[in-house]
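Here the structure is laid out as structure tokens; the discussion comes afterwards.
What follows draws every value from the coordinates through simple rules; no lab data is involved. Just so we're clear, the structure is a prediction, and the values are computed from it rather than from any experiment. Note: ideal-geometry Cβ built from the backbone for every residue, glycine included; neighbour counts use all protein chains shown.
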Amino acid sequence: MEYKDYYKILGVARDATQDDIKRAYRKLARKYHPDVSKEPDAEQRFKEVNEANEVLKDPEKRAQYDALGTGWHAGDEFRPPPGYGAGGDGRRWQRAERMSPEEAAQFSDFFSSIFGDLGGMRGGGMGGDGGFGGRAGGFASRGSDQTARVRISLEDAYHGATRQLSLEVPEIDAKGRVSSRTRTLNVRIPAGVTEGQQIRLAGQAGGGVGGGEAGDLYLEVEFAPHPLFRAEGRDLHLRLPIAPWEAALGATVSVPTLGGKVSLKVPAGAQSNQRLRLKGRGLPGKTPGDTYVQLEIVNPPATDASAKAAFEALAERFKSFNPRAKLGV
Amino acid sequence: MTQSQAGIEGELLDEQRALKLAELAHVCGVSVEQVHSMVAEGMLQPRGAAPEQWVFRGVEVIRVRRAVRLQRDLELNLPGAALALELIDEIERLRCRVRRLEQHLGAWQDAD
């Protein structure tokens with residue numbers, strides 16, 4: 001397993017005071033809190049920061065960690081010295097406040113090798129999501145909920161899809177030991193989901209002690225960038241290139257939508273940035289979204305003599321047209 | 001160990017999903033009193049006048065859970081969590097706007 005440099009994770013010196021550690025931890029916890037941060041690795045960082053804090057905030061644990069010596073670097077291959085870890089000296093660390101067995105199970109192998117398996121308190125006595133008590137035996141508690149992100153294409157959001165997900169779920173054996181195992185789920189994504197929406201899968205997050213219910217799995221929907229459409233709620237936005245004569249004379253043009261090609265009537269005298277609405281052609285729902293088409297006039301290249309002549313004829317015909325009249329030039 | 005199950009159907013927590021007070025509390029793993037405090041703080045806007053008639057929208061499940069996590073992990077009190085939720089919503093709106101504006105900007109090049 002890899003050695004973890006808890007001081008480096010919190011960005012403090014090895015001789016930092018407990019106050020320094022607390023300050024550094026609080027700052028990083030705010031920065032990487034998964035509900036606040038949009039950084040892609042926020043969740044991982046938040047876990048690391050919590051693990052580091054778990055050790056360094058407690059002078060006893062900190063001393064035990066420091067006793068490993070200063071010769072280690074983050075990522076070094078680590079093997080715990082004899083006497084460390086679960087059952088080494090018969091001592092069991094009390095599980096920290098506000099930490100559920102599932103959370104303890106998310107701590108690294110490195111952590112467990114030094115401080116033992118924190119989830120390993122016998123006889124139950126652990127609660128999901130923070131509630132815990134020292135009661136022995138016959139105590140049922142609910143497993144923690146989990147949140148995972150699922151990235152889908154707009155096409156999947158439009159048609160609905162099935163996604164295979166792998167997630168680590170905690171498993172608690174009869175002795176109260178926590179381990180994690182990989183579980184594969186096939187989840188139905190309903191048609192018409194929008195970005196940021198969550199799907200709740202009751203009882204799919206595992207955990208649960210003494211016959212307690214398993215936690216719920218929440219899937220947060222995220223859209224992969226689409227080459228043509230941008231989604232805003234159920235509405236879709238599309239930029240539609242049109243030729244100058246289509247804009248001037250009006251035309252019926254073919255437009256892509258998620259449901260297939262449709263015909264759109266461009267009104268005569270259309271301008272760039274003008275928006276046309278295709279009602280009900282957005283993402284489906286009780287009230288389906290719309291697709292907004294933003295026109296963009298695109299000129300054909302004028303490279304050969306006859307193409308140039310065509311534009312010159314146009315310039316001649318519209319000699320008095322000043323597109324910059326409003327700019328006063 | 002790997003376990004496979006075919007096509008589990010979840011529930012979409014959207015505007016259409018409606019929850020009564022007790023159901024919201026159960027789903028979020030909080031007490032009915034905690035939900036009351038969040039309504040009093042203006043963090044949740046149920047339809048219906050009295051608590052027995054309150055109907056919450058599916059998206060409010062996300063708000064309650066987020067508020068609980070923020071309070072627990074960052075040691076915030078309820079008004080603090082309420083403020084954080086509002087700021088998170090505001091950032092989300094602004095991000096959306098930035099994406100929209102960026103799309104309008106297009107590429108640029110120096111003029112001769």
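Summarising the label geometry, the points placed 7 Å from Cα in the beta-carbon direction at A:Ser180 and A:Lys8 lie 2.1 nm from one another. The loop-placed GluC sites (Glu not before Pro) in the range B:18-112, going by DSSP, that have at most 13 neighbouring Cβ atoms within 10 Å of their Cβ come out as B:Glu52, B:Glu75.
Database remark: amide H of A:Val36 closer than 5 angstrom to no amide H (H placed geometrically; neighbours at sequence offset of 5 or more, or on other chains; Pro and chain starts carry no H).
Along the range B:44-61 the Karplus relation, 6.51 cos²θ - 1.76 cosθ + 1.60 evaluated at θ = phi - 60°, assigns HN-Hα couplings of 10, 10, x, 7, x, 7, 9, x, 5, 9, 4, 10, 9, 8, x, 5, 6, 4 Hz to successive residues, with x for each Gly and Pro.
Placing unit charges on the Cβ atoms of the charged side chains and taking the dipole of chain B about its Cα centre, the candidate lying farthest along the positive direction among B:Leu70, B:Leu87, B:Leu21 is B:Leu21.
For the range B:53-69, backbone nitrogen atoms closer than 19 Å to the point 7 Å from B:Asp89 Cα along Cα-to-C-beta are found at B:54-69.
Whole-Hz Karplus values for the range B:23-35 come out as 5, 4, 4, 5, 4, 8, x, 10, 7, 4, 5, 4, 5 Hz, taken residue by residue from phi with 6.51 cos²θ - 1.76 cosθ + 1.60 and θ = phi - 60°; glycine and proline positions read x.
What number comes out for the charge environment of A:Leu236, summing +1 per Lys or Arg and -1 per Asp or Glu over other residues with Cβ under 9 Å away? Show your work: numbers first, answer last.
Working: positive: A:Arg230, A:Arg234, A:Arg281; negative: A:Glu232, A:Asp235, A:Asp290.
Net local charge, A:Leu236 excluded: 0.
Report the extension gain between A:Ala251 and A:Thr17 in nm, rounded to one decimal, defined as 0.36 nm multiplied by the number of residues separating them, less their alpha carbon distance.
Values: separation 234, 0.36 × 234 = 84.24 nm, distance 7.34 nm.
Difference between extended and current length: 76.9 nm.
Here the contact order of the range A:198-329, divided by its residue count and restricted to Cα pairs under 8 Å and six or more residues apart, works out to 19 percent.
What is the extension gain from B:Ala49 to B:Leu74, computed as 0.36 nm multiplied by their sequence separation minus the C-alpha to C-alpha distance, in nm to one decimal?
Numbers: separation 25, 0.36 × 25 = 9.00 nm, distance 3.27 nm.
Result for the pair: 5.7 nm of gain on full extension.
Taking each residue of B:8-19 in turn, how many C-beta atoms of other protein chains fall within 10 Å of its C-beta, and what is the average? All intermediate terms of the calculation are to be shown ahead of the outcome.
Working: counts 11, 6, 15, 6, 12, 7, 9, 5, 4, 1, 0, 0.
Mean number of neighbouring Cβ atoms from other chains: 6.
Charge dipole of the protein assembly as shown (Cα centre as origin; +1 on each Lys and Arg Cβ, -1 on each Asp and Glu Cβ, all else neutral): 980 debye, rounded to the nearest 20.
Can you list the chymotrypsin sites (Phe, Trp or Tyr not before Pro) in the range A:280-327 that are in a DSSP coil and have 13 or fewer other beta carbons within 10 angstrom? Don't skip to the answer; put the middle values down first.
Numbers: sites: A:Tyr292, A:Phe311, A:Phe318, A:Phe321; in loops: A:Phe318, A:Phe321.
Answer in residue order: A:Phe318, A:Phe321.
Within the range A:246-329, which GluC sites (Glu not before Pro) sit in a loop by DSSP and count at most 11 neighbouring Cβ atoms inside 10 Å? Working shown, then result.
Values: sites: A:Glu246, A:Glu296, A:Glu312, A:Glu316; in loops: none.
Taking the range A:246-329 and a limit of 11 other Cβ atoms within 10 Å, no loop GluC sites (Glu not before Pro) are found.
Across the range A:146-223, the mean sequence separation of Cα contacts (distance under 8 Å, 6 or more residues apart), normalised by length, yields a relative contact order of 39 percent. If the chain linking A:Val329 and A:Glu155 were pulled fully straight, counting 0.36 nm for each residue of separation and taking away their Cα-Cα distance, it would gain 57.9 nm.
Assuming R0 = 35 Å, can you tell me the calculated FRET efficiency for the pair A:Glu168 and A:Arg188, based on Cβ-Cβ distance, to the nearest 0.05? Walk me through the numbers on the way to the answer.
Values: r = 22 Å, r/R0 = 0.61.
The calculated FRET efficiency here is 0.95.
So if R0 is 51 Å, what FRET efficiency would A:Glu39 and A:Ser263 give, r being the distance between their Cβ atoms, rounded to the nearest 0.05? All intermediate terms of the calculation are to be shown ahead of the outcome.
Numbers: r = 44 Å, r/R0 = 0.86.
The value I calculate is 0.70.
A cut-off of 5 Å between modelled amide H atoms, ignoring neighbours fewer than 5 places along the same chain, links A:Ser153 with A:Ala224.
Relative contact order, percent, of the range B:18-104 when contacts are C-alpha pairs under 8 Å separated by at least 6 residues?
Values: 66 pairs, mean separation 22.5, N = 87.
Once normalised by length, the contact order is 26 percent.
Calculated over the range A:154-220, the projected area of the Cα convex hull averaged across directions stands at 4.8 nm². Taking a ≥ b ≥ c as the square roots of the Cα gyration tensor eigenvalues, with a/c under 1.5 meaning rounded and otherwise prolate when a/b beats b/c, else oblate, which class fits the protein assembly as shown? In terms of gyration-tensor shape, prolate. Using R₀ = 56 Å, calculate the FRET efficiency as 1/(1 + (r/R₀)^6) where r is the Cβ-Cβ separation of A:Arg26 and A:Asn273; round to 0.05. FRET efficiency, A:Arg26 to A:Asn273: 0.75. What the phi angles of the range A:143-155 give under the Karplus curve with 6.51, -1.76 and 1.60, with θ = phi - 60°, is a coupling list of x, 6, 7, 10, 10, 10, 9, 10, 9, 10, 7, 4, 4 Hz, glycine and proline written as x. Taking a point 7 Å out from the Cα of B:Gln103 in the direction of its Cβ, the residues of the range A:213-230 whose backbone N falls within less than 20 Å of it are A:221-230. The mean number of Cβ atoms from other chains found within 10 Å of a Cβ in peptide A:150-158 is 0, as a whole number.
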